[in-house]
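The values are calculated or read from the model by the stated rules, or taken from the named source; none is laboratory data. Since this is a predicted model, take the numbers as computed values, not measurements. Please note: Cβ atoms are built from the backbone with ideal geometry, for glycine as well, and neighbour counts cover all protein chains shown. The protein model used for the area step is the full one, side chains on, heavy atoms only, and it has no ligands, DNA or RNA in it. Shrake-Rupley method; radii C 1.70, N 1.55, O 1.52, S 1.80 Å.
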Amino acid sequence: MKVVALVSGGKDSCYAMIKCIHYGHQIVALANLFPSDDCVDELDSYMYQTVGHQIIDTYPQCMGLPLFRRRIRGTPRYKELKYIGTEGDEVEDLLILLSEVKRQIPDIGGVSSGAIASNYQRSRVENVCSRLGLVSLAFLWKQEQGLLLQEMVEKGIEAILVKVAAIGLDPKRHLGSDLATMQPHLLHLKELYGINVCGEGGEYETLTLDFPLFKNARIIIENFQIVLHSSDCIAPVGILHPSAFYLETKTGNLDPVIGDEKTPLNRSEMDWIIEVEGNDIPSDYKSDNWLEAFPVDLDAQCKWNLIVSKTTNEILSIGCWVQSTPKSMEGMDIHLALVLKSVQCRLKVDQLGWDDVLYIHLYLSDMNQFALANDTYLRYITEENCPHGVPSRSTIEIPLVEGDIGKAFIEVLAAKDKTKKATLHRQILYMAGQLGLDPPTMLLVSGGAGVQMQQALINCEAVVKEFGCKLVSSLISLTVYCPAFLTSCERSEICNTLVKYMHKETTLGGDSSKITRNSESNRPPILFILAAMLPKGALVEVKPVVYVPLCEDDHDSDDKIIDDVKGVADADINEIEGFSYVQMTSSCCESFDVCGHLCAATLTLASDAVYKICTQTLHDVCTIQSSDNIEQNKSLTNIARFCMDVLHKRLQKACLFWEDVMSFRVYFVSNVVPFDKLKMAFTEASEIYGFSKEPALLKNDTTFGSPVTSFIPVLGVGGNAEITDVIACELFASRS
């Protein structure tokens with residue numbers, strides 16, 4: 001990935017660049033913010049180190065890279081931990097700076113920073129990255145500081161102290177001292193007083209004069225002044241002001257350095273420094289401007305659909321797609337923008353916003369346009385719009401156009417009770433779809449489908465660990481997406497890897513904060529989906545739903561719930577209203593239930609199961625692919641009734657109702673099952689259970705008091721890696 005590195009001159013930002021290159025990224029530019037007044041050494045900033053800023057102009061010469069600089073106009077205005085874009089705040093200067101970097105280097109993908117322990121700084125960098133569609137790379141984050149300091153010294157970071165503000169550090173003695181020399185003293189102060197040895201508590205700041213990425217020259221400070229800010233007898237505060245310095249050319253330098261070995265810095269000669277002016281935030285990165293960029297009368301020009309359901313838990317489920325638009329608006333980005341705009345309007349009806357959204361399923365018709373779609377998506381779903389955490393997301397390519405569902409289709413799950421914490425809501429963690437990405441490099445691991453599956457599960461485990469759980473012992477359900485180009489052997493490899501991982505983790509034992517599996521049959525339902533393509537050309541994507549306990553005090557009440565857990569696999573369904581037939585050996589219904597609390601269920605139907613349902617209910621040979629419309633409609637109606645009856649019994653077993661259902665999807669193989677007729681069949685079947693429809697709140701808006709069904713056209717679906725079924729239902733219900 002091409003990366004711009006934020007540099008303050010400190011040791012941390014420089015070491016972060018070394019880590020970036022170690023993990024395979026390419027640093028293509030530097031970015032720095034500095035005081036508007038050159039005579040000022042240090043600003044009252046919560047975000048930026050500015051001591052030693054006079055020397056940063058030499059960095060592009062030393063590294064052979066362009067440097068984008070901006071004078072800081074803003075001040076710390078929004079001081080809450082989770083940042084929201086605020087006019088006049090110093091964070092907006094970073095946004096303006098990086099937006100210019102992105103404008104001039106469009107293929108830049110990430111931003112490197114030296115954040116170690118400050119959530120305040122890290123969250124603000126992530127906020128800006130989110131608004132610009134960039135990846136925040138903080139490779140030093142939460143690393144043990146003693147080890148980090150040792151690594152920096154060993155890797156050849158030659159930095160001096162330019163500010164001290166802690167007990168045991170004396171401006172006159174220690175300012176100007178190099179990091180390697182100070183290391184033992186810093187460790188000693190940690191033992192005595194508990195200071196942060198990397199200076200994360202503001203104990204000291206450094207200025208890097210040389211390190212391995214300075215290929216061309218090192219910086220020599222010829223003269224400096226000590227400026228005392230506080231003469232406190234316990235912890236005096238002082239800074240070092242460099243008054244004279246020059247560059248010393250390295251032997252065998254890769255790039256020419258301006259002037260001879262002792263030529264003082266002359267900024268006018270440096271055409272590789274780009275100073276970013278202006279005070280206005282680029283309009284492209286203002287969400288409101290983007291929303292208003294489509295002066296489109298949706299009702300008049302577009303055929304769009306928006307379906308909404310509400311549960312007894314005050315959960316809002318929204319599905320939206322645009323079936324047709326004028327020729328001038330046929331791009332995927334416009335389809336997605338219209339869909340997102342429609343959903344946003346519908347959220348406002350219930351006084352909700354993107355911050356209330358827990359999860360988003362994003363279905364695209366062409367993954368080759370993922371970058372364009374992602375850029376559109378990120379104009380709406382930003383940290384600024386979601387101060388409590390952006391919603392989780394999974395993205396796949398499916399045959400939307402063939403199913404007459406436009407070019408972009410999204411499902412949104414939102415909570416009205418304002419208790420969301422990141423993507424955790426009422427003990428349910430809605431995780432984003434995980435690829436087999438190596439976290440440091442953000443690249444897919446090599447080695448095939450099984451290796452990517454293993455890495456995806458490891459990534460899931462890392463997320464769950466942050467909530468004090470283990471994946472296997474807390475798993476409620478799992479959806480596995482595979483691209484269509486995989487061979488059956490590769491899909492089997494994915495399945496085998498999953499089985500081995502779950503068995504290994506179960507054998508190792510779990511923690512006490514989980515839902516206990518009482519039997520082998522009580523496993524989470526697993527559904528395999530065959531998609532056209534996955535993001536980044538991945539070979540697999542996994543999407544878990546996980547149970548997270550409240551706290552230790554709730555274990556007694558949890559134990560009672562756990563005793564009621566009942567799992568059903570390969571169900572023997574002999575008697576369901578209106579049906580009489582032998583056991584469905586080729587169908588599979590799996591559910592994981594916590595009585596009175598939650599139910600996750602999947603039902604998959606293979607061709608022979610469909611055939612049995614059709615023939616035994618109609619007492620005649622009849623298939624869903626019949627050329628006779630009447631026979632086809634009857635077949636699909638009875639299949640829908642069968643699915644609804646089976647899932648109804650699963651809900652009853654869990655002591656839940658359809659009003660508790662938060663999501664209900666019907667996956668169908670698009671070249672086998674006709675979408676319109678399948679939709680009609682399930683609509684008719686749902687009426688048996690008294691699904692109520694409320695008055696529409698928007699034109700083309702269909703709102704249900706009970707759950708609506710999302711119909712997802714896929715290339716294949718199944719309860720195992722063979723993925724040979726033609727219809728599958730996926731249901732999730734929960735009650736507090």
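Some notes on this structure:
- Accessible area of Phe68 in the full protein assembly, 1.4 Å probe (Å², nearest 10): 0
- Relative contact order (%) - criterion: Cα under 8 Å, at least six apart; region: segment 142-209: 44
- Cβ-Cβ FRET estimate between His388 and Asn368, R0 fixed at 35 Å, reported to 0.05: 0.55
- Gained length - Ala244 relative to Asp107, 0.36 nm times residue gap less alpha-carbon distance: 45.5 nm
- Carbon/sulfur fraction of accessible area - segment 436-508, other protein chains in place, 1.4 Å, %: 62
- Under the shape rule built on the C-alpha gyration tensor, where the axes satisfy a ≥ b ≥ c, segment 377-451 is oblate, since a/c reaches at least 1.5 while a/b does not exceed b/c.
- Using 0.36 nm per residue and subtracting the Cα-Cα separation, the extra length available between Asp676 and Trp272 on full extension is 139.5 nm.
- The calculated FRET efficiency for Cys345 paired with Val135, based on their beta-carbon distance and R0 = 30 Å, is about 0.50.
- Tensor-based shape of segment 137-241 (alpha-carbon gyration tensor, a/c under 1.5 rounded, otherwise prolate or oblate): oblate
- Computed from the Cβ-Cβ distance with R0 of 56 Å, the FRET efficiency linking Asp37 to Ser488 stands at 0.25.
- In the context of the full set of protein chains, residues of segment 1-62 present 28 Å² of accessible surface per residue (probe radius 1.4 Å, heavy atoms only).
- Label reach from Ile234 (point 7 Å along Cα→C-beta): in segment 160-192, amide nitrogens under 16 Å belong to 165-170, 192.
- One way to sum up the overall shape of segment 54-167 is the equivalent ellipsoid from its Cα gyration tensor, whose semi-axes run 25, 20, 16 Å, largest first.
- Computed about its Cα centre, the charge dipole of segment 35-171 is approximately 480 debye, with only Lys, Arg, Asp and Glu carrying charge at their Cβ.
- Extended-chain gain in nm, criterion 0.36 nm per residue less alpha-carbon gap, Lys465 and Arg71: 137.8 nm
- Where segment 155-199 is the region considered: accessible area per residue in Å², 1.4 Å probe: 46
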